[in-house]
């Protein structure tokens with residue numbers, strides 16, 4: 001899919017998780033399942049690089065500054081869906 005600049009998208013992605021607490025063997029699978037659930041962000045597409053997708057959530061009225069820049073490495077993105 002060709003992403004369009006300044007269009008709104010829903011991004012489903014997964015992240016690395018880290019739990020430094022003691023975990024019983026019978027709790028490991030539950031923690032893995034929880035960690036594997038995708039997260040969801042909504043943002044406006046800015047650009048794509050060789051390794052990442054770049055989104056933002058706000059821009060000034062003149063389109064010269066962006067707020068909340070989000071860089072998603074392509075390897076963690078599971079799905080991108082355009083929103084209307």
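Computed from the coordinates by the stated procedures, all read-outs in this text should not be read as laboratory data. In this text the structure is predicted, and so the values were computed from the model without any measurement. All Cβ positions, even for glycine, are placed from backbone atoms using ideal geometry, and neighbour counts span all protein chains on display.
A few remarks follow.
- Among (1) closer than 14 Å to residue 14 by Cβ; (2) within 14 Å of the chain's Cα centre (by Cα) - the single one residue 32 does not satisfy: (2)
- Some residue of region 67-74 being in contact (Cβ under 8 Å) with a residue 24 or more places away in the chain and either touching a helix residue (DSSP H, G or I) at 6+ places or on another chain (Cβ under 9 Å) or in a loop (DSSP other than H, G, I, E, B) (or both): yes
- Tally of residues being farther than 16 Å from residue 77 by Cα and in contact (Cβ under 8 Å) with a residue 12 or more places away in the chain across region 9-33: 2
- All of (1) in contact with a helix residue (DSSP H, G or I) (Cβ under 8 Å, 6 or more places away or on another chain); (2) in a loop (DSSP other than H, G, I, E, B) hold for residue 53 with one exception: (2).
- Condition met for residue 35 (surrounded by 11 or more Cβ atoms within 10 Å (Cβ to Cβ) and touching a strand residue (DSSP E or B) at 6+ places or on another chain (Cβ under 8 Å)): no
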